[in-house]
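Notes follow once the structure below has been shown.
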Amino acid sequence: MRKIAGLQNEIDIWAAISRKTSDLLDLANTGDKSFRDELLQEIGELKQQLDNLELTTLLSGPYDSGNALLSINAGAGGTDAQDWAAMLMRMYLRWAEQNNYSSEIITKSDGEEAGIKSITIHIEGSYAYGYLRAEKGVHRLVRLSPFDAAHRRHTSFVQVEVLPEVTAEDPSITINPDDLMIDIYKSSGAGGQNVQKNATAVRITHRPTGIVVSCQNERSQLQNKDNALKVLRGRLYEIKLAEQEKQISKLRGEYQKAEWGNQIRSYILHPYQKVKDHRTEYETGNINAVLDGDINAFIETYLQKKDKGK
């Protein structure tokens, strides 16, 4: 039913474009020049809509059209890295807002002095996973540290992980309840006294893989368990996908191990300002716009290059 609903939505979009095109042609054929400015504006909007739809043709994976689970984890760099993780959190939340996606924080661990140690965000909307999977990898920040008394230049690293939302009914990922060790404990950190009084936080350990996921953001134990299982199913899918890609790459003779130090993108604030994607060579000097969520050009360039490389 979900697949039918998705296909019906696609049909409705193309039908609306067809009607709009027909209406614009009728308007143009009247020969009334007073409609010129209105026509140009409508044509520009139609072209942008078609460009966006063309981009979705590059998203053909089984989960590309669905929701995403975005995890941000501070790496090397101490307080600077945790502050950098918070900056990226804001960037992705702003991106979601600007692109009409809804977002919900599933779990979050604050830093001791500033920023965050880690966070997992549920991004809901069409093609959220397809677009955001372009952001998976290590993001590097170079700047004059606001946490260094000598105000020296520091380099910080943050790992961004993007998982698909795999439903419990999906036959491709099955979880045996006997393989799970579930711990219930009291939530820590901000959240009010009610959070502290009741044991609502959930930690799930998947014994066969050793994957551990936890969630404590909700006041309901059941909601926290459901959210933790969402993350677990996403990570199990990523393991399955990585194993398949590894086998294919070995057959081709091109498999390379992914290393932590291989950043996908660098954000330079000093001695000059620039954001550069190392996979596509795309770059911009408008770093403030990027940190405010304007990352669509990076995503589109990556998807287009990846498609050409197939």
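Apart from one condition, A242 fits all of (1) modelled with pLDDT of 95 or more; (2) in a helix (DSSP H, G or I); the exception is (1). Does H270 fit the bill of being closer than 19 Å to K136 by Cα and surrounded by fewer than 16 Cβ atoms within 10 Å (Cβ to Cβ)? No: the conditions fail for H270. The number of residues in segment 15-50 that are under 22 Å from N296 (Cβ atoms) and open to solvent by 60 Å² or more (accessible area, probe 1.4 Å) comes to 7. If you check K108, K3, K47 for being of a type outside the set (A, V, I, L, M, F, W, C), in a strand (DSSP E or B) and out of contact with any helix residue (DSSP H, G or I) (no Cβ under 7 Å at 6 or more places or on another chain), only one passes: K108.
Of all residues in segment 149-187, those being surrounded by 12 or more Cβ atoms within 10 Å (Cβ to Cβ), basic (K, R) and not in a strand (DSSP E or B) number 1. Of the residues making up segment 120-168, those that are farther than 21 Å from N52 by Cα, among the aliphatic types (A, V, I, L, M) and within 12 Å of the chain's Cα centre (by Cα) are I121, V160, V162, L163. Reported count of residues in segment 55-94, each being farther than 30 Å from G6 by Cβ, open to solvent by 20 Å² or more (accessible area, probe 1.4 Å) and assigned to a helix (DSSP H, G or I), is 7. Entry remark, segment 184-221: residues being at pLDDT 90 or above and not basic (K, R) number 10 in total. Listed by first and then second residue, the pairs with beta-carbon distance under 6 Å, at least 6 apart or on different chains, first residue in segment 111-128 and under 11 Å from M89 (Cα atoms), second open to solvent by 70 Å² or more (accessible area, probe 1.4 Å) and not in a loop (DSSP other than H, G, I, E, B), are I116/D110; I119/K108. The number of residues in segment 85-135 that are among the basic types (K, R) and more than 19 Å from F157 (Cα to Cα) comes to 1. State whether one or more residues within segment 130-142 are outside any strand (DSSP E or B), touching a helix residue (DSSP H, G or I) at 6+ places or on another chain (Cβ under 8 Å) and surrounded by fewer than 17 Cβ atoms within 10 Å (Cβ to Cβ). So far as segment 130-142 goes, no, none of its residues is outside any strand (DSSP E or B), touching a helix residue (DSSP H, G or I) at 6+ places or on another chain (Cβ under 8 Å) and surrounded by fewer than 17 Cβ atoms within 10 Å (Cβ to Cβ).
The values are calculated or read from the model by the stated rules, or taken from the named source; none is laboratory data. Small disclaimer: the values here were computed from a predicted structure and weren't measured. Glycine gets a Cβ as well: all are built from the backbone with ideal geometry, and neighbour counts include every protein chain shown. Ligands, DNA and RNA are excluded from the accessible area calculation, which covers all protein heavy atoms including side chains. Shrake-Rupley method; radii C 1.70, N 1.55, O 1.52, S 1.80 Å.
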